Amino acid sequence: MFRLAPQKKPYLNTYGTQVIKRYQDAGRFGMVDAMRGAIDLALKFNAGEDLLISAINEIFLEDLESWYLSKNNKPINKKHPKKNGTPYKNNSLNGLGVRLRSIRRIYNLAIKDNDTELKMDDYPFGKSGYSIKQQRTKKRAVDLDVIDQIKELKAEEGSPLWHHKNYFLVNFYMRGMNFMDMTYLQVGAINKGRLKYKRRKTKRGSNVKEFDILIPEFVMGIFNYYTHGKSKEDLIFPILADVINNETDERVHEIYKNRRRNHNRRLNTIGKKLNLDIKLTTYVARHTFATAGLHKGISKAQIGDMLGHTNYYTTEAYFADFENKVLDEAAEKIFG
């Protein structure tokens, strides 16, 4: 059993790296990425020096927030400010929040660890301390007629655009399926017209989300194409088929991230072909499914369950644009 080395006065990088090792051993590489990014951000703010976890107090966090947001609209590279077509770095409260939640997780573990001297009195988060802030994200849902346009988009069978179009449509029609879940689906998950699988994001503990979904006829046609001639243990889709059995789990995760980025680039190409005013991404499929459900009168609780959310607040974040539209229409009725 993995055990953290005793650290009476734990330092963020030293202690956090050992926490990361625990997640690596458990195969939870998303948590590994999040924690490493959070630690690196705090060290960069601290002039590259490790710091005591107890030094991360409310003032430190407020200063970190101010410093992080001050980087908005600053050139990424002074010599080549327009390199790769992204001239400015755009730091957001939501991006900061992702990192601070990882730091908060490390802080909580250190307090519970009997080998450290950290106490709840040191804790900088919560009602009486620093509050991790959120802001509304830009619209990520499209109208259902856009989904129809994507379905009708002409692409040569077997071409990269054809595959990525299929992936997007499966994500949408299978209840806003997460792209990672789709990537790791095995042929054996299909049984008697239904798809049964567990969410990879919540694959540990009592919050493991299991799905048992009726497969629409349209999607079954896609599945039939990709599963032809395969065994139950094979991946349905070819996204990781060349590496899943030949690389370490950690390496496979790194390759997955690269191929997810490639998928989003291909979706962007599809969006441009259709002259869309919104950038297509993996999240658009999920948000569109959720928003369409709300338009049809399905409750937020049911939509959250279909999306695999384990808390109410995650689901609520999907509906800001929808509720703004409802309020706009109500106001028009009043003024009319």
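The values are calculated or read from the model by the stated rules, or taken from the named source; none is laboratory data. If you're wondering where the values come from, they're calculated on a predicted model, not measured in any experiment. Positions of Cβ are generated from backbone atoms using ideal geometry, with glycine treated the same way; all protein chains shown enter the neighbour counts. Only protein heavy atoms, including side chains, enter the accessible area calculation; ligands, DNA and RNA are left aside. Shrake-Rupley method; radii C 1.70, N 1.55, O 1.52, S 1.80 Å.
Under the condition of being open to solvent by 20 Å² or more (accessible area, probe 1.4 Å) and either in contact (Cβ under 8 Å) with a residue 40 or more places away in the chain or of a type in the set (S, T, N, Q) (or both), the residues counted in segment 130-141 number 8. Which members of segment 142-155 meet the condition of being open to solvent by 20 Å² or more (accessible area, probe 1.4 Å) and in a helix (DSSP H, G or I)? Selection gives 144, 145, 148, 149, 151, 152. Working only within segment 255-267, note down all residues that are exposed (fewer than 15 other Cβ atoms within 10 Å of the Cβ) and not basic (Lys, Arg). Listed by number, the residues that qualify are 258, 262. Restricting the search to segment 89-129, which residues are surrounded by fewer than 13 Cβ atoms within 10 Å (Cβ to Cβ), at pLDDT below 90 and either at negative phi or of a type in the set (A, V, I, L, M, F, W, C) (or both)? 89, 90, 127, 128, listed by residue number. Cβ-Cβ contacts under 6 Å between residues 6 or more apart (or on different chains), taken from a first residue in segment 28-48 that is part of a helix (DSSP H, G or I) to a second residue that is among the hydroxyl-bearing types (Ser, Thr, Tyr), are listed as 31/23; 32/23; 34/102; 35/102; 38/102. Restricted to segment 156-204, and to residues there that are open to solvent by 20 Å² or more (accessible area, probe 1.4 Å) and of a type in the set (Ser, Thr, Tyr), the residue that is farthest from the chain's Cα centre (by Cα) is 159.
Across segment 69-88, the qualifying residues are those that are modelled with pLDDT of 75 or more and part of a loop (DSSP other than H, G, I, E, B), and the one among them that is most open to solvent (accessible area, probe 1.4 Å) is 71.
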